[in-house]
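First comes the structure, then the notes that go with it.
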Amino acid sequence: MPARNNKQWTADPKLEKGEWIDSRVYSDETIAEEENSKIFKQVWVPVCHESELPEPYDFRTTSIANEPIIITRGPDKVVRAFLNVCPHRGMLIERRPSGSFMEGQPSGNPKRMTCMFHAWQFDMKGNCVYVSREEEGYQDRLCKADVGLRRLRCEVKYGGFVWVNLSDNPSVSLEDWAGKPFECLQKSLDEEPLEVFHYHKAIIDTNYKLWHDTNSEFYHDFMHYHNRVTGFNDSYFARKNEAFDHGHVVVGSFEVNYENYEGFESRAELSFPHLPPNQWYMIDLFPGFNFNLRGSALRTDVVTPLGPNKVMIEFRGLGLKSDSAEDRATRIKHHNSIWGPFGRNLHEDLIGVTGQGTTMREKTDNRRILHGRQENQTIHDENGMRHYYDEWGRWMDRLPSAPDQPYSPPAAAAEAEAAE
C-alpha cells in the first residue's frame, strides 16, 4: 500500500477489537492523572528490597502516585511503611533517599524520625513521641497520641521485596495479587536471602506503559544483537507468554547460549537455587513491575509515572546474600554486561521507548498502536500486551481503543460496533 493521507492514517486498522489501542492512553494528561488514583493508589507496589535496610533504624524513601513514602526497619526488625509527611504542617519529614536514624542528625534525635521544620518526632512504628511546646500550644486540645504518621499496608514477600499498598482496604491480598505468577520462581527466590548489589534509575521522556510494553513483547529483540546471537533458535521462539489474573504475564524459560556472543562465555557455573543453568524466566506484573531472572542475576524494574510522557524506572540487580566475594563479582559482571547502564541490552530498550515518547508527547495527534501479532501465544505474539490493556481498561473504565468511551470486553465492544 502506498503512503497514506491523514484519513487513511487515522482510520481503524483491519484488526479485531483489542488488537490495537488509541495513542491517547500514552499522551493524555487527564488519563495520566486518573491512572494515579484508579491504579497506582490501589495496587501493590514493590518499592524496594529488604536488603536495602538491613539494620534496625535503617530507612528508604520513595514515592507512589506522587505520595512520598518512607520505609523503616524498627528495633523489632519489622519493616513498616508510612507517608513521609509530617501531620503538623505537611512538611516532608525525610529528604535523604536512604540512611539510618540510629545516630542523631543536626535537626533530629537518635532513633527518631524528626521533622526539621518544627521538631516533631516519631518512632519507627509511626507514633508521635514529641511535639515541641505541646502543652503551651495545644493545652489539653490535642496530644501526641492524636498525631501519629499515616501507616501504609506493607508486606515483605517473594524473595524479600517490600510491597506497599496505599489503600487501607486493598481489593485483593498481596498473595492473591502476585502469588500465581511468582510460582515459577518462588523456590529460587525464597530458598535463601537475596541482596541488592546494583541500583540505578532512569528518568526518561516516555509513558510508563511503553516500558511495560517493551518488557512484554520480544519481537523487538531484532533490535538487540546480543539476544539475536545468543538466543534465536527453535526453543527461543517456542517460549510462551502465560497470562494470569490482574493483567500479569509470565514468559517461559529457555537456555541462553552466551558463548555464541564474542567475549562472553557460558554462565552455567553460577545460577540461582533450583534454576537450571543459563535459564531465563520473566514475570511482568501489572501495571509496570518486572522480575527478570536470567542465569546468575535477578533484575527488577519498578516504574513511577511522573506525567503522561515522563517516567522514572528504578533498576536493581540481586544475587544471593551468601555469595562469596568471587561469586558476587561474577554476578555483578554478568548483570552489568547485559543490564547495566553500559550493558548490551538496557540502553537499547531505553532508546526504543524514548523514540515512542517523542512521537506521542502530550497534545500530539492520536493514532492507532497495533498489538495484533498472533503466534500461538509465543514470545513474538502480542497477547501479553492485549491482556495488559484489557486489564487497564477495567481499572480505568475506559476502552483502550477509544479512551473517551467506557470499558467493555473486546468481544462485547465488537458486537456493539457491529450492531450500530
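The values are calculated or read from the model by the stated rules, or taken from the named source; none is laboratory data. What you see is a predicted model; the values in this text were computed from it and never measured. A quick note on method: Cβ atoms are made from the backbone with ideal geometry, for glycine too, and the neighbour counts reach across all protein chains shown. Side chains are part of the model used for accessible areas, which takes the heavy atoms of the whole protein and leaves out ligands, DNA and RNA. Shrake-Rupley method; radii C 1.70, N 1.55, O 1.52, S 1.80 Å.
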- Note on the structure: Residue hits (region 352-364; closer than 17 Å to residue 218 by Cβ and either open to solvent by 70 Å² or more (accessible area, probe 1.4 Å) or of a type in the set (A, V, I, L, M, F, W, C) (or both)) are 353
- With respect to the numbered conditions (1) within 17 Å of residue 71 (Cα to Cα); (2) out of contact with any Ser or Thr (no Cβ under 7 Å at 6 or more places or on another chain), which one is the sole condition not fulfilled by residue 114? (2)
- Query: Taking only pairs six or more apart or across chains, which ones have beta-carbon atoms under 6 Å, a first residue in region 41-60 that is over 9 Å from residue 73 (Cβ atoms), and a second residue that is open to solvent by less than 30 Å² (accessible area, probe 1.4 Å) and of a type in the set (Gly, Ala, Ser)?
  - Reply: 41/65; 42/167; 49/160
- Task: Could you tell me which residue of region 39-72 is farthest from residue 176 (Cα to Cα), considering only residues that are among the aliphatic types (A, V, I, L, M) and part of a loop (DSSP other than H, G, I, E, B)?
- Result: 53
- Query: Which condition number in (1) over 18 Å from residue 293 (Cα atoms); (2) modelled with pLDDT of 95 or more; (3) out of contact with any helix residue (DSSP H, G or I) (no Cβ under 7 Å at 6 or more places or on another chain); (4) open to solvent by 30 Å² or more (accessible area, probe 1.4 Å) is the one that residue 208 fails?
  - Reply: (4)
- How many residues, within region 159-174, are touching a residue at least 12 places away in the same chain (Cβ under 8 Å), within 21 Å of residue 243 (Cβ to Cβ) and open to solvent by 10 Å² or more (accessible area, probe 1.4 Å)? 2
- Message: Taking the criterion of being open to solvent by 70 Å² or more (accessible area, probe 1.4 Å), touching a Gly at 6+ places or on another chain (Cβ under 9 Å) and not charged (D, E, K, R), would at least one residue in region 111-119 satisfy it?
- Response: yes
- Item | Search result, residues across region 185-224 that are within 30 Å of residue 21 (Cβ to Cβ) and in a strand (DSSP E or B) | 201, 202, 203, 204
- Query: What do you reckon, is residue 317 more than 30 Å from residue 25 (Cβ to Cβ) and either in contact with a Ser or Thr (Cβ under 9 Å, 6 or more places away or on another chain) or modelled with pLDDT of 95 or more (or both)?
  - Reply: yes
- Scan region 286-312 for residues that are polar (S, T, N, Q) and within 15 Å of residue 384 (Cβ to Cβ) and jot them down. 290, 292
- region 81-107 residues that are over 20 Å from residue 66 (Cβ atoms) and open to solvent by less than 30 Å² (accessible area, probe 1.4 Å), paired with ones that are part of a strand (DSSP E or B) and of a type in the set (A, V, I, L, M) (beta carbon under 7 Å, 6 or more apart): 101/113
- Query: Would you call residue 376 on the phi > 0 side of the Ramachandran plot and either out of contact with any Ser or Thr (no Cβ under 7 Å at 6 or more places or on another chain) or assigned to a helix (DSSP H, G or I) (or both)?
  - Reply: yes
- Take the residues in region 314-351 that are open to solvent by less than 60 Å² (accessible area, probe 1.4 Å) and in contact with a helix residue (DSSP H, G or I) (Cβ under 6 Å, 6 or more places away or on another chain), then tell me which one is nearest to residue 187 (Cα to Cα). 319
- Query: What tally of residues in region 211-246 results from selecting those that are modelled with pLDDT of 85 or more and aliphatic (A, V, I, L, M)?
  - Reply: 2
- Task: Tell me which residues, restricted to region 1-38, are part of a helix (DSSP H, G or I), of a type in the set (D, E, K, R) and touching a residue at least 40 places away in the same chain (Cβ under 8 Å).
- Result: 24, 29, 34, 35, 38
